[in-house]
Amino acid sequence: MPESSLVDIRPKRNQFKGIDRGKVRHMKLLIWVFAVVALLPVFGAENNPAVGTWKLDIEKSKFSPGPPPKSATLVIEAQGESLKTTYEEVESDDSHVGYAYTATLDGKDYPLAGTSEPDRLRGADTVSLRRDSSRAYGGMFKKAGQVLMTDMTSVSKDGKTLKLTVNGVDSKGQRVTLTTVWDKQ
């Protein structure tokens, strides 16, 4: 093939003449900074609006089947890329139940610990979480890999209210649908 028929795609020596290279570097830096800032909510649990201590608002919450608990506290802490969640509930008969886990929003299974889990968890041994948006994430409670209960956690735009919607079947075979509203403390 003759050399004259080849297309030369290399930039010509004076092709960028008149372009301020400092402005090009500045624009590249601005684009990089904006990309990093835009992705910050995706990385690190410390930016998750669910982090904090939450008290159950029983009046605004719906429990099917009932009865609702007397009280409940949900504590969500940032631990690097993970969320450490601790749930404590005082049942209508004054018994205490609760569980805890540390999980990353990556869809992988993480161990669930608790001395007495609520009946609706049916002995779940793992939880997996996935990000739904910057203000919401979903979870699955599993036993031996089988999904027993799903939930969706979302935080209001003002960051003062958390809504937790739970769906599944309890140990008695009853459909469980909970919509709980939590106030940030």
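Table for the structure above
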read-out	value
Test: K163 is at pLDDT 95 or above and basic (K, R)	yes
Subset of segment 148-177 (residues that are within 20 Å of T53 (Cβ to Cβ), of a type outside the set (S, T, Y) and in contact with a Phe, Trp or Tyr (Cβ under 7 Å, 6 or more places away or on another chain))	L162, L164
Which numbered condition G80 fails, given (1) at positive phi; (2) more than 16 Å from the chain's Cα centre (by Cα)	(2)
Selection within segment 129-182 - farther than 20 Å from K84 by Cβ, in a strand (DSSP E or B) and of a type in the set (D, E, K, R)	K143, K163, R175
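Yes/no matrix, rows are residues, columns are (1) small (G, A, S); (2) free of Cβ contacts under 8 Å to residues at least 24 places away in the same chain; (3) under 13 Å from T180 (Cα atoms):
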{"position": "G52", "(1), (2), (3)": "yes, no, no"}
{"position": "K62", "(1), (2), (3)": "no, no, yes"}
{"position": "E81", "(1), (2), (3)": "no, no, no"}
{"position": "K84", "(1), (2), (3)": "no, yes, no"}
{"position": "D106", "(1), (2), (3)": "no, no, no"}
{"position": "A113", "(1), (2), (3)": "yes, yes, no"}
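Yes or no, residue by residue, for (1) small (G, A, S); (2) buried (at least 16 other Cβ atoms within 10 Å of the Cβ):
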site	(1), (2)
G52	yes, yes
S71	yes, no
A78	yes, yes
T86	no, yes
E89	no, yes
T102	no, yes
K108	no, no
R122	no, yes
R135	no, yes
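The values are calculated or read from the model by the stated rules, or taken from the named source; none is laboratory data. Keep in mind that what you see is a predicted model, and the values were worked out from it rather than measured. Because the Cβ atoms are built from the backbone with ideal geometry, glycine has one as well, and the counts that use them run over all protein chains shown.
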